[in-house]
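To keep things clear, I will list the structure first and then write my remarks on it.
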Amino acid sequence: MEESVTVKRHALASLALLSIAGLALAGCSSAPAAGSEGGSDAAAATSLADFGDMAALEEAAKAEGALNVIALPRNWANYGEILDAFSAKYPEITINEANPDGSSQDEIDAATNLEGQDTAPDVFDLGAAVALANTDMFAPYQVEGWDDIPDALKEQSGLWVGDYGGYMSIGYDPDAVPEPTSLDDLLGAEYRGKVAINGDPTQAGSAFAAVGLAAVQNGGDLDDFQPGIDFFSELNKAGNFLKVDPDTSTITSGETPVVFDWDYLNAGLTSELEGQRNWEVVVLPGTGYAGYYNQAINKSAPHPAAARLWQEFLYSDEGQNLWLAGGARPVRADAMVEAGTIDADLYDALPETPEETVVPSGEQSDAAATLLGENWASAVQ
């Protein structure tokens, strides 16, 4: 994967093929679980075939009766509707939602601290850097639609799999600040004490991407995030950087009138805040920064069958169209377009993409994560 690639117009195919390209690690594949005629050990299952069929997986998951998820805000990429749809389809399975506003790293920390307990997370939704750093905690699993997922967006044995993605954007309140047309605009006095990112870039995928965007828009590239760190240092020195994790309440109150976040999340706030706060979204011209979030199964999941059923649901046509309803780009979109199973109206409504798009390789993500760990705190202290 080269350091930058060009993606023309709104070719979802190109974004899927290029985003996080190079993340495919050489992880060891796992042999299928040994099972009897009725099914298999759910914790060792690497595909639906190990259960026999979908009905057998559903039966095993219903017998477990629960699914533990973590760090899934209901206003994030349509997760609320996705969680409710799964519950409606499988009312026998209780979804336990923990720490909805947590970061990717919080998910890993919870799994480590709760290992062996019934309350440990069954599944993860992770940014690229955190996923790559923790593959030893994941169980390999290939969903039924595996062949529809571009190779660049999945680890070869199924330890992690890209699921939904988009572009780093800036959401802003037009009643509080002028529309930003470049990152330099954010350094102006009109934005003093008003610019936030979604989390800590050493722990949260969206914040990591915000620094990446700042790097590539300031003469840097994906091999060196330092220009992005320097931009936020300058933003901080100008008094414009808010060290507040933004959410609906901080935006509604006016505390965080400018927020770096994925385009589908900022776009979702536009409708969510209607009648309370005006909210508009801009993907800056020039180089765009794209990325996918990744699904993974906790190898120590207390409900291993339910964890695998959840994955099957997310990658089904129904689940993929629910991502699309949240403004995110589903990973199986190309195959669904060809099969005629995608929601055409939602697909056609996706915004035009930047003229040039860059995405980090696995090696670049690792290097950027190391650099952020060394330099971020001092840059914005």
For residues that are touching a residue at least 40 places away in the same chain (Cβ under 8 Å) and surrounded by fewer than 18 Cβ atoms within 10 Å (Cβ to Cβ), scanning just the stretch 249-268, find the one that is nearest to Gly212 (Cα to Cα).
Thr250
Residue satisfying all of: in the stretch 265-297; among the small types (Gly, Ala, Ser), within 16 Å of Gly166 (Cβ to Cβ) and in a strand (DSSP E or B); modelled with the highest pLDDT among these
Gly288
Please work out which residue is surrounded by the fewest Cβ atoms within 10 Å (Cβ to Cβ), limiting yourself to the stretch 299-308 and to residues that are of a type outside the set (A, V, I, L, M) and in contact with an Asp or Glu (Cβ under 6 Å, 6 or more places away or on another chain).
Ser300
Can you pull out every residue in the stretch 56-93 that is in contact with a helix residue (DSSP H, G or I) (Cβ under 9 Å, 6 or more places away or on another chain) and either at pLDDT below 95 or assigned to a loop (DSSP other than H, G, I, E, B) (or both)?
Gly65, Ala71, Leu72, Pro73, Arg74, Asn75, Trp76, Ala77, Asn78, Tyr90, Glu92, Ile93
Limited to the stretch 115-173, what total is found for residues that are farther than 25 Å from Ala325 by Cβ, surrounded by fewer than 19 Cβ atoms within 10 Å (Cβ to Cβ) and either assigned by TED's automatic domain parsing to the domain that holds Ser253 or among the acidic types (Asp, Glu) (or both)?
4
Identity of the residue in the stretch 184-233, over 25 Å from the mean Cα position of the chain (by Cα) and part of a loop (DSSP other than H, G, I, E, B), that ends up nearest to Leu265 (Cα to Cα):
Gly193
Members of the stretch 106-119 that are more than 29 Å from Gly166 (Cβ to Cβ) and among the hydrophobic types (A, V, I, L, M, F, W, C):
Leu114
Do we have any residue at all in the stretch 122-130 that's within 26 Å of Thr46 (Cβ to Cβ), at pLDDT below 95, in contact with a helix residue (DSSP H, G or I) (Cβ under 7 Å, 6 or more places away or on another chain) and not aliphatic (A, V, I, L, M)?
yes
Considering residues of the stretch 61-108 that are among the small types (Gly, Ala, Ser) and farther than 23 Å from Ala128 by Cβ only, the residue surrounded by the fewest Cβ atoms within 10 Å (Cβ to Cβ)
Ala88
With the structure loaded, tell me whether Asp366 is assigned to a helix (DSSP H, G or I), modelled with pLDDT under 95, closer than 30 Å to Glu97 by Cα and in contact with a helix residue (DSSP H, G or I) (Cβ under 7 Å, 6 or more places away or on another chain) or whether it fails that test.
yes
Pairs, first assigned to a helix (DSSP H, G or I) in the stretch 318-334, second among the β-branched types (Val, Ile, Thr) and crowded, with 24+ Cβ neighbours inside 10 Å, C-beta under 8 Å, six or more apart
Gln320/Val331
Would you mind finding the one in Pro330, Pro360 that is closer than 16 Å to Gly165 by Cα, at pLDDT below 95 and of a type outside the set (S, T, N, Q)?
Pro360
Picking from Ala71, Ala66, Ala77, Ala55, the residue that is under 10 Å from Ala305 (Cα atoms), assigned by TED's automatic domain parsing to the domain that holds Val161 and out of contact with any Cys (no Cβ under 7 Å at 6 or more places or on another chain) would be Ala66
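The values are calculated or read from the model by the stated rules, or taken from the named source; none is laboratory data. Every value quoted in this text rests on a predicted model; they were computed, and no experiment measured them. With ideal geometry, Cβ positions are generated from the backbone for all residues, glycine too; neighbour counts draw on all protein chains shown.
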